[in-house]
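One structure below.
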Amino acid sequence: MMKTETVIRVLTIGSLSCLLLGVGLRLTLGQVLDSLRKCRLLLIVMVNFVVVPVLAVAVTRLFGIKAELSVGMILLAASPFAPVVPVFARMVRADLALAVGLTSLFPVLSAFLTPWVCELALKTVPAAGSVRFHPGEILLTLLATITLPVGVGLALNHFAPALGRRGLRPLEIVSELAGALSLAFATVTELPLILATGWVPLLAMALLSEVSLALGWALGGPDRNSRRVVGLGTSNRNIALALLVAIQSFGGTPVVAAVVANGLLLILLGLLHVAWWRFYRGRE
């Protein structure tokens, strides 16, 4: 089990790091900072770290989900803005600068706020246990795999734009292939665990994701492209972060499997939203 989780993490982190590097090559630092200044940043942070975890607790109680599956859902709810959000934003031609800005900022916030949110939320789950969280390790991991690739891409685009343009397309091809391999490997290897999770917890997680998407959409402001970014970011949680916390605190328990199963569901829902918006934009 632990070897499978390690392979999934390595493939996912490698793919996303390359994808985020490619995203950074498309932007300038000025564009990213300008997008952050214009968004409703405080409200976005509050919804992702307060409202969504509260909704996760409410959904687990409403559906009567058992403790270990509830813990997995809560860990995901407390881990906002998946690093795949800029990739989804590029695919639907949304506000890429805003996606990069928020996705680069949230890892820093998560390293300090996620343990606190998890500790409070898990008090509502009987026999959940306590969270053993190492903020320094989490911060370094998130910065190295999310913020650093974006920063390197922005720097290359500023200091060596010609080099960045030449390497952009090959980088995207390799990273997209690695991402497809990662998703396929995770689905095949974890299929028994996903099926064992049952349809009720997955339905509850899907409901939470769709409500979160609607909340993010409402916070995105009047511009449709910004709404898509905040909606995708609020509904797609940071699976790598949730998995890292699950392994540190609940290794060898069904909690880890719950994070993997629900995380794969979130990726699938995110891809469905991307496909729909691409179709909708094409018709427009």
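Out of Val230, Val256, Val200, which single residue is more than 19 Å from Leu55 (Cβ to Cβ), modelled with pLDDT of 75 or more, in a helix (DSSP H, G or I) and not small (Gly, Ala, Ser)?
Working: Val230 fails: more than 19 Å from Leu55 (Cβ to Cβ); Val200 fails: more than 19 Å from Leu55 (Cβ to Cβ).
One residue alone meets the criteria, Val256.
Scan the range 25-48 for residues that are among the polar types (S, T, N, Q) and crowded, with 20+ Cβ neighbours inside 10 Å and jot them down. If you could, list the steps in order and put the result at the bottom.
Of the range 25-48, the ones among the polar types (S, T, N, Q) are 28, 31, 35, 48.
Ser35, Asn48 - these are the residues of the range 25-48 that are among the polar types (S, T, N, Q) and crowded, with 20+ Cβ neighbours inside 10 Å.
Return yes or no: is Val51 buried (at least 19 other Cβ atoms within 10 Å of the Cβ) and either part of a helix (DSSP H, G or I) or modelled with pLDDT of 90 or more (or both)?
On the way: buried (at least 19 other Cβ atoms within 10 Å of the Cβ): no; either part of a helix (DSSP H, G or I) or modelled with pLDDT of 90 or more (or both): yes.
No, not satisfied.
Please specify each residue of the range 210-225 satisfying the condition of being surrounded by fewer than 24 Cβ atoms within 10 Å (Cβ to Cβ) and part of a helix (DSSP H, G or I). Break it down into steps so the answer makes sense when it comes.
So in the range 210-225, the residues surrounded by fewer than 24 Cβ atoms within 10 Å (Cβ to Cβ) come out as 210-211, 213-215, 217-219, 221-225.
If the condition is that a residue be surrounded by fewer than 24 Cβ atoms within 10 Å (Cβ to Cβ) and part of a helix (DSSP H, G or I), then Glu210, Val211, Leu213, Ala214, Leu215, Trp217, Ala218, Leu219, Arg224, Asn225 are the ones that fit.
Filtering the range 76-124 down to residues that are surrounded by 19 or more Cβ atoms within 10 Å (Cβ to Cβ) and aromatic (Phe, Trp, Tyr), which residue is farthest from Arg224 (Cα to Cα)?
It comes out as Phe106.
Looking only at residues that are surrounded by fewer than 24 Cβ atoms within 10 Å (Cβ to Cβ) and of a type in the set (Lys, Arg) in the range 226-279, which one is nearest to the chain's Cα centre (by Cα)?
By that ranking, first place goes to Arg227.
Confirm whether Arg93 is at pLDDT 85 or above, farther than 20 Å from Val211 by Cα, in a helix (DSSP H, G or I) and over 16 Å from the mean Cα position of the chain (by Cα). Give the steps one after another, and end with the answer.
On the way: at pLDDT 85 or above: yes; farther than 20 Å from Val211 by Cα: yes; in a helix (DSSP H, G or I): no; over 16 Å from the mean Cα position of the chain (by Cα): yes.
Judged against the criteria, Arg93 is not a match.
State which residue is farthest from Val32 (Cα to Cα) when the search covers only the range 99-123 and only residues that are among the β-branched types (Val, Ile, Thr) and modelled with pLDDT under 85.
To start, the set of residues in the range 99-123 that are among the β-branched types (Val, Ile, Thr) comprises 100, 103, 108, 114, 117.
Right, trim to modelled with pLDDT under 85 and you get 100, 103, 108, 114.
Working: Val100: 7, Thr103: 11, Val108: 16, Thr114: 24 Å.
The residue in question is Thr114.
List every residue pair whose Cβ atoms sit under 8 Å apart, with the two residues 6 or more apart in sequence or on different chains, where the first one lies in the range 217-236 and is over 23 Å from Leu264 (Cβ atoms) and of a type in the set (Ser, Thr, Tyr) and the second, anywhere, is at pLDDT below 95 and part of a loop (DSSP other than H, G, I, E, B).
Close Cβ pairs (under 8 Å, with a partner that is at pLDDT below 95 and part of a loop (DSSP other than H, G, I, E, B)) amount to Ser226/Cys39; Ser226/Ala94; Ser226/Asp95; Ser226/Gly220.
Mind checking whether some residue in the range 98-113 is small (Gly, Ala, Ser) and touching a Cys at 6+ places or on another chain (Cβ under 9 Å)?
Residues of the range 98-113 small (Gly, Ala, Ser): 99, 101, 104, 110-111.
Then keep just the ones that are touching a Cys at 6+ places or on another chain (Cβ under 9 Å); that gives 101.
Taking every residue of the range 98-113 in turn, at least one turns out to be small (Gly, Ala, Ser) and touching a Cys at 6+ places or on another chain (Cβ under 9 Å).
The values are calculated or read from the model by the stated rules, or taken from the named source; none is laboratory data. Remember, it's a predicted structure, so these values are computed and weren't measured experimentally. Every residue, glycine among them, receives a Cβ derived from its backbone with ideal geometry; neighbour counts consider all protein chains shown.
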